[in-house]
There are 4 protein chains.
Amino acid sequence: MVSVTVWNEYRHERENDEVGEIYPEGIHTALAELLEDAGHDVRTATLDEDEHGLPQAVLDDTDVLLWWGHIAHDEVRDDVAERVVERVRDGMGFLPLHSAHYSKPFKRLMGTSCSLKWREVGEIERLWTVEPGHPITEGLDESFEVPEAEMYGERFDIPQPDALVFVSWFEGGEVFRSGCCYRRGSGRIFYFRPGHEEYPVYFQEEIRQVLLNAVDWAAPTDGPEPYFGNADPVEPIEK
Amino acid sequence: MVSVTVWNEYRHERENDEVGEIYPEGIHTALAELLEDAGHDVRTATLDEDEHGLPQAVLDDTDVLLWWGHIAHDEVRDDVAERVVERVRDGMGFLPLHSAHYSKPFKRLMGTSCSLKWREVGEIERLWTVEPGHPITEGLDESFEVPEAEMYGERFDIPQPDALVFVSWFEGGEVFRSGCCYRRGSGRIFYFRPGHEEYPVYFQEEIRQVLLNAVDWAAPTDGPEPYFGNADPVEPIEK
Amino acid sequence: MVSVTVWNEYRHERENDEVGEIYPEGIHTALAELLEDAGHDVRTATLDEDEHGLPQAVLDDTDVLLWWGHIAHDEVRDDVAERVVERVRDGMGFLPLHSAHYSKPFKRLMGTSCSLKWREVGEIERLWTVEPGHPITEGLDESFEVPEAEMYGERFDIPQPDALVFVSWFEGGEVFRSGCCYRRGSGRIFYFRPGHEEYPVYFQEEIRQVLLNAVDWAAPTDGPEPYFGNADPVEPIEK
Amino acid sequence: MVSVTVWNEYRHERENDEVGEIYPEGIHTALAELLEDAGHDVRTATLDEDEHGLPQAVLDDTDVLLWWGHIAHDEVRDDVAERVVERVRDGMGFLPLHSAHYSKPFKRLMGTSCSLKWREVGEIERLWTVEPGHPITEGLDESFEVPEAEMYGERFDIPQPDALVFVSWFEGGEVFRSGCCYRRGSGRIFYFRPGHEEYPVYFQEEIRQVLLNAVDWAAPTDGPEPYFGNADPVEPIEK
């Protein structure tokens, strides 16, 4: 059981009827239900809550944070974004989803622009597993399709992933590094591309499997807490 | 519970009294006891058994293989070495220990000479964790010492690790990449440096912790089995 | 000026009329002319020559070796393959092209099966640059097409590249890591996918640009020659 | 010939007599002379100049930027730090030296805290080359010593380097990843550890060799400029 917080901007669902029909209670609720059904301890948090629903106490109690945002990245307070970044460095798992490639926490953790190409015509996306031994691929076939997707295309301006798990093929001619693992500080990050709000992507079985795997993978382990600062010479143990 | 096979050359312990005192029933037995106590399903296999104790059926039933060898790498049959390599590619975890840097399976999986510097004067080794969020560091302090160690020094001729977990400092002036993770095919590999036969290194608590962590980390996950060969164009699913 | 050797199996061109029309004097000659025009010192070598045209003296005098093979990988002598591998470790650049993914030297240097999917229907391949700051992309647009290509599809069973430069999109629905950089020993390796013998791929301007860039990138630099073996403790210099 | 700008905080040299004796005209001047002698086109810039000597026009005309800072990281204006970061993403090489691990541009490009251990007792540092085929090691022996150094010790909180070139051994018992290569955006970054202001480290031959190599390595190449934004489906070329 992992302590998961699902963060969502929660704007499209309330402002756009079509999106509201797919996710009547918001993308965060759909994802929270999935994770609860898998036995995790799940909270949600949204942009318009106080401190965006992410006071320090919530983050301190979060093992893995999912993040969905799109049209209101700029409304996320800098201090809250920084708080998220600090918790990741401290060991919290972080799963930025789809348009969260442009979220403040992800961009700060990557150090790059995280820019990309995009197109919104509902084309086919096919995700290919390039690292079949990676735990995030558990239970999957080696490729699967999202029937209607917003396209994201390379050049995706990110640091070279520590592990590249999925590469997407798009009907219109592009490719994309769709599943990217990073370690930053003591925390694990998995960027996962699919998830456009206008298609019911998060109800698709393979997508749900990936998210479940990613939560397990990103959960913190109890490694050493490094000391930083002025250090005495090491006193060797006596032989 | 992981199905583990501990392979040992098992020569030093029988031919050298001092080594035999430390490991009267062989390094493999000491390691097997550790892993059994942790709840794993453990077998041992040694060089002088038929097929070195590694017929196909044993490997097929092995999730993680530990490998200790030193003076008789050349006596390992090529077909058995290749069988191990194939099983790693197929998903089996592989933990080459100490002088197994020169074992046939490890060298074949790396594609490099795996050469290094060495010195045997029982000097202090201090392992520093450079990746504190990695599961293999669970439960450890950020550094620990092996009071008497054979030195291995850089240049260690290996491919750049997918993740570098430990770096060793040696009393005599060298450094070494002591804990190196790789993925090859669908299998995970963790090379771990400490473990010289003339010192009771495998009874040291931190070393045991690393081995337990590594077995958990290297155990296979049930990812896709890729298809290789001539392929028809992909038939997109109907939207 | 780099000392380049272009190795070619040189069978298709002599046995298949269509291939022979595209490369009347062999793929090696076409590549050699390109590299000579760029000012390099170029030799060719082919399978049916003595020692496959690669006696030790030739390799010792080679900075970068291009390798094209397809139907006769097995006819390459093991000792010559090993000689190539040793020279790469010793610093020689190595550029396995297209079907050389299955060549003996590449497979030994990778330690993996190097298997993949393939299809031969002359479909469109589009290569996307995913690492635009890499020297191998110099002078290129961010994507370019090979109008008729044999498809290679993921899962490509290789170690994670040290740098992934190109990813291919294929008309029939696959993706592929098409330009992969590795360092093995002191040598640099660049696997480049395009180059099927039935299409005039090596006369295409972008492909030629990539090959020229890759030769420059893979040329050895005069770094330290590591010492391997038994080592005395380091005598610190006097302060 | 590379267009190089050497940036220096330039405070220690003016405020501390001992440092002033070693670098009477500042570390930047010592480094600039080295690079000029190597044939590069060199400028210097310092903290107390207008815009820290780094107006946009200077950065636009800079191929590689060296950065030395220590006690006044906070005085660097955020907009200038961001300007540097943007130019790196745009292709400029960036060489943060020693205590610049804590500089604003480096921390933003890394996305991590860049924290470490330190100790200032003038102990011996020995740098070991772990990647002898890397261009930054050209002309070096496989290890060399800095006779009096400030210690930096692991855990160094950085992303896993794209290439790890040097690892340091310290007399007092620590190790450190001393030479780390990254690609961020289209730019190359090389962090190089030695260089404490109280010792004449930048006059040491091996250190100078590394800096010269690093400037050559980090100089931009003329790769594609990616398009970011809304994109039409790709129109395949006519076969």
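Observations on the structure shown:
- One residue from A:Ile136, A:Ile158 being of a type in the set (Val, Ile, Thr), more than 18 Å from B:Pro226 (Cβ to Cβ) and at pLDDT 95 or above: A:Ile158
- Residues of region A:196-227 classified as surrounded by fewer than 24 Cβ atoms within 10 Å (Cβ to Cβ), touching a residue at least 40 places away in the same chain (Cβ under 8 Å) and among the acidic types (Asp, Glu), total: 3
A quick yes/no check of all residues on (1) in contact (Cβ under 8 Å) with a residue 60 or more places away in the chain; (2) within 20 Å of D:Leu66 (Cα to Cα):
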{"position": "D:Ser99", "(1), (2)": "yes, yes"}
{"position": "D:Leu109", "(1), (2)": "yes, yes"}
{"position": "D:Trp118", "(1), (2)": "no, no"}
{"position": "D:Val121", "(1), (2)": "no, no"}
{"position": "D:Gly133", "(1), (2)": "no, no"}
{"position": "D:Gly139", "(1), (2)": "yes, no"}
{"position": "D:Val146", "(1), (2)": "yes, no"}
{"position": "D:Leu164", "(1), (2)": "no, yes"}
{"position": "D:Val167", "(1), (2)": "no, no"}
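Rundown of residues vs (1) under 22 Å from D:Ala163 (Cα atoms); (2) modelled with pLDDT under 95; (3) surrounded by fewer than 21 Cβ atoms within 10 Å (Cβ to Cβ), yes/no style:
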residue: C:Glu142; (1), (2), (3): no, no, yes
residue: C:Gly153; (1), (2), (3): no, no, no
residue: C:Val165; (1), (2), (3): yes, no, no
residue: C:Phe170; (1), (2), (3): no, no, no
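- When D:Tyr191, D:Tyr227 are screened for being farther than 22 Å from D:Ile136 by Cβ and aromatic (Phe, Trp, Tyr), only D:Tyr227 passes.
- D:Gly122 meets each of the listed conditions (1) in contact with a Phe, Trp or Tyr (Cβ under 9 Å, 6 or more places away or on another chain); (2) within 14 Å of chain A (Cβ to nearest Cβ); (3) open to solvent by 10 Å² or more (accessible area, probe 1.4 Å) apart from (3).
- Region B:167-185: number of residues that are within 14 Å of chain C (Cβ to nearest Cβ) and among the aliphatic types (A, V, I, L, M): 1
- Looking across region D:134-166, the residues that are in a strand (DSSP E or B), of a type outside the set (Asp, Glu) and either more than 16 Å from the chain's Cα centre (by Cα) or within 11 Å of chain A (Cβ to nearest Cβ) (or both) come down to D:Ser143, D:Phe144, D:Val146, D:Pro147, D:Ala149, D:Met151, D:Tyr152, D:Gly153, D:Ala163.
- Residue tally, condition open to solvent by 10 Å² or more (accessible area, probe 1.4 Å) and touching a Ser or Thr at 6+ places or on another chain (Cβ under 9 Å), over region A:103-116: 1
- Residue count for region A:196-230, restricted to those that are closer than 26 Å to B:Pro135 by Cβ and either away from every other protein chain (no Cβ under 13 Å) or part of a loop (DSSP other than H, G, I, E, B) (or both): 14.
- Residue that is closer than 29 Å to A:Ile158 by Cα and either open to solvent by 50 Å² or more (accessible area, probe 1.4 Å) or away from chain A (no Cβ under 14 Å) (or both), where the choices are D:Ala100, D:Ala81, D:Ala30: D:Ala100
- Filtering A:Arg188, A:Arg193 for residues that are crowded, with 19+ Cβ neighbours inside 10 Å and within 14 Å of chain D (Cβ to nearest Cβ) leaves a single hit, A:Arg188.
- Looking across region A:173-185, the residues that are closer than 14 Å to A:Met92 by Cα and crowded, with 24+ Cβ neighbours inside 10 Å come down to A:Arg184, A:Gly185.
The values are calculated or read from the model by the stated rules, or taken from the named source; none is laboratory data. Note that the structure is predicted; figures quoted are calculated from it, not measured. Please note: Cβ atoms are built from the backbone with ideal geometry, for glycine as well, and neighbour counts cover all protein chains shown. Areas reflect the complete protein model, heavy atoms only, side chains present, ligands, DNA and RNA absent. Shrake-Rupley method; radii C 1.70, N 1.55, O 1.52, S 1.80 Å.
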